[in-house]
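The values are calculated or read from the model by the stated rules, or taken from the named source; none is laboratory data. Everything numeric here is computed off the predicted structure, so don't read it as measured data. Note: ideal-geometry Cβ built from the backbone for every residue, glycine included; neighbour counts use all protein chains shown. Ligands, DNA and RNA are stripped out before the accessible areas are found, and what is left, the full protein with its side chains, is counted by its heavy atoms. Shrake-Rupley method; radii C 1.70, N 1.55, O 1.52, S 1.80 Å.
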Amino acid sequence: MSNFASEDALALYNVDRWGSGYFGISTDGHLLVHPKRNGEQIDLMEIVKEAHERRLHLPLVVRFHDLLRDRVQTINLAFIDAIAEMNYGGVYRGVFPIKVNQLREVVEEILDAGKPWHFGLEAGSKPELLAALSLHTDPESLVICNGYKDTSFIRNALLGRKLGKKIIMVVEKLEELAHTLRVFKDSGVEPMIGLRVRLLSKGAGKWATSGGENAKFGLSTADLVEASDMLHAAGLADALKLVHFHVGSQVPDIRTIKRAVREASRFYAKLFKMGHALGYLDVGGGLGVDYDGSRTTFDSSTNYTLNEYARDIVYSIMEVCDSEAVPHPNIVSESGRAIVAHHSVLIVEAFGSIEKNSRQAAIIATPDDPPLVSELLAIRNDLTRKHRLENLHDAQDIRERAQTMFDLGLLDLRAKARIETIYWQISESMVDMFRGLRYVPEEVKELEIALGDQLLCNFSVFQSLLDHWALGQLFPVMPIHRLNEQPDRNATLVDITCDSDGKVAKFVDLQDVKETLPLHRWKPGVPYYMGFFLAGAYQDIMGDLHNLFGRVNEMHVYLDTDEDRGYYVEEVLPGSTVGQVLSLTQWDVNELARRMKAQTDAAIKADVLKPSEGMRLLDDYEKDLTLYTYLDLDDQHRPPTPPQA
Ligand SMILES: *Cc1c(COP(=O)(O)O)cnc(C)c1O
């Protein structure tokens, strides 16, 4: 029995830091989800069991709807508390930017959870607006329209206004304002206009270019003055309702936010004084998620809390507006990432491991060994702490010489294999000798990384974790069981795409970034499940079909203490089938089957195939078109799933 307990796993994987109270570990070493950050919990291994019972294969996205609701409530309360604490004169009217997660069930849940606070929606494109219009019913809540707009976009906003909705068209460039006024002219309703200001304040982090003078969106100061004049000339000065800015997503440093809010508040106050009955200041998105739990200004972190964010915004607006003697605006924010990142977990199964030194077999000298093998063995057998680095360098030298000999045809495969195995054994001893020391030389650190296993995982980085591949964004990853056993290996994760980039080789750490993840040794026939966390924002929709791996299966769950497992499955969304992903690239499944039948018939006629065998293979082909795109590990590595209890 190891004396590694779940508390040790909590610390090892920093669960309490990045988990924000939503995740924990049971005494039997399973990962727990606490959707409401209280005693109610869901064991992820129970979900895996349930998925097997339902024959729902991994990879699987699990959405915790109560957690989503908790995020909505938490963000609203943060602003409400800050407003109350400071006797601020306006209210908070947040909106959810649909682009961050468009899944209907997610958007519906957010609107429903946000009802008490008139939480609204933000649309950045025509499809998003059409979805938002139909879902939105609360006349108090806002629909904010960002992004470039054409006539039909504006016409739909007009429809919304006619239905009594508070739809605010945020003008991204001047022509859009003229266009909007034209479409609304003689319609009998006034548009509600917002202006996106281009701030000088610029963020840090991966999305810094969303702000600053060279941003893609927003009006310059000269444009703002012209917009004001245009509105006055049209007799619509009071249609201007909102000032908007957006400094980019995942802003790591609170000072960026404060600076931008102060600058935008100044614009708000000055525009107000130019005779516009403004009522809203929209601070955009940018509220970050502390993916690594380090509470720093590192790209994948934030150096502030949600409450600090809300207080700083309320305070900064108040300070500027008071100094300008302008009434406090209602505050709008467009937090997407911070609302949806936590609510979903991706569960994948490992199905193999590539180990450098997999053959633990003791290698002993034989009389047939070429001199290089004997020399290397001698080094391995006489490793000394005192001369360890010298030993390492000698071993490296021999390995290089062996490679040269191999290139020249002077070394056979058996000898080369022995050299490599002994070399990795030496490397492992070397890493052990430096373990726990205050100073570890760079070359030994590199050795440790090189010694890491590659855990093969049944998923696609390109479908499920695109920002990791594209931007190096970090997500917490860890096993969801065996967390009461000491992990004895270090590994990177590789996916099943035929792409060397399809891997996860950077991991969250409190200091900097880790190159390998501590894991348990993978054993054939023993299921090993990994969880990818905080991936509920952006990843679902940005994922692509590289290698034609399609959307993954989904399970939507709600807490329910009346149920044995503590939850119920509200909905299952099947992932893409082979046929579905093929048809997205113009393959017609009927045509595919027809052609295969013709080839099979021909083979039967030519006596290459027996008719019964041919028909069976053809049946399988047609069935496979209806199956999941990922590996079916059930037949390979496990006895068949036991019958349902
Ligand atoms: C993307 C975007 C958001 C959402 O940003 P988060 O950082 O995810 O909260 C909000 N507003 C606008 C204008 C955006 O483009």
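Return only the number of the condition from (1) open to solvent by less than 50 Å² (accessible area, probe 1.4 Å); (2) of a type in the set (Val, Ile, Thr); (3) more than 16 Å from the ligand (Cβ to nearest atom) that Val100 does not satisfy.
So Val100 meets the others, but not (3).
Pairs please, first residue from the range 324-351 and farther than 20 Å from Asp282 by Cα, second anywhere and modelled with pLDDT of 95 or more and within 8 Å of the ligand (Cβ to nearest atom), Cβ atoms under 8 Å, 6+ apart in sequence or on different chains.
Matching pairs, first to second residue: Ala341/Ala537.
Conditions (1) open to solvent by 10 Å² or more (accessible area, probe 1.4 Å); (2) in contact with an Asp or Glu (Cβ under 7 Å, 6 or more places away or on another chain); (3) not aromatic (Phe, Trp, Tyr), marked per residue:
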{"position": "Ile426", "(1), (2), (3)": "no, no, yes"}
{"position": "Leu437", "(1), (2), (3)": "yes, no, yes"}
{"position": "Glu448", "(1), (2), (3)": "yes, no, yes"}
{"position": "Phe459", "(1), (2), (3)": "no, yes, no"}
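Name the one entry in Leu242, Leu236 that is within 14 Å of the ligand (Cβ to nearest atom) and over 28 Å from the mean Cα position of the chain (by Cα).
Residue meeting the stated conditions: Leu242.
How many residues does the range 522-552 hold that are open to solvent by less than 60 Å² (accessible area, probe 1.4 Å) and within 16 Å of the chain's Cα centre (by Cα)?
14
Each row is one residue, and each column tells you yes or no for (1) assigned to a helix (DSSP H, G or I); (2) of a type in the set (Lys, Arg); (3) outside the structural domain of Val444 (by TED's automatic domain parsing).
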{"site": "Leu376", "(1), (2), (3)": "yes, no, no"}
{"site": "Ile379", "(1), (2), (3)": "yes, no, no"}
{"site": "Thr384", "(1), (2), (3)": "no, no, no"}
{"site": "His393", "(1), (2), (3)": "yes, no, no"}
{"site": "Gln396", "(1), (2), (3)": "yes, no, no"}
{"site": "Glu400", "(1), (2), (3)": "yes, no, no"}
{"site": "Phe406", "(1), (2), (3)": "yes, no, no"}
{"site": "Arg414", "(1), (2), (3)": "yes, yes, no"}
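Residue-wise test of (1) within 16 Å of the ligand (Cβ to nearest atom); (2) assigned to a loop (DSSP other than H, G, I, E, B); (3) of a type in the set (S, T, N, Q); (4) farther than 26 Å from Val100 by Cβ.
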residue	(1), (2), (3), (4)
Tyr558	no, no, no, no
Glu563	no, yes, no, yes
Glu570	no, no, no, no
Gly575	no, yes, no, no
Val581	no, no, no, no
Trp587	no, yes, no, yes
Glu591	no, no, no, yes
Arg594	no, no, no, yes
Thr600	no, no, yes, yes
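State which residue is nearest to the ligand (Cβ to nearest atom) when the search covers only the range 248-272 and only residues that are open to solvent by 10 Å² or more (accessible area, probe 1.4 Å) and assigned to a loop (DSSP other than H, G, I, E, B).
Ser249
For the range 313-359, give me the residue count where each residue is more than 16 Å from the ligand (Cβ to nearest atom), within 30 Å of Asn490 (Cβ to Cβ) and not in a loop (DSSP other than H, G, I, E, B).
10
Looking at the range 96-117, is at least one residue over 30 Å from Phe351 (Cα atoms) and part of a strand (DSSP E or B)?
yes
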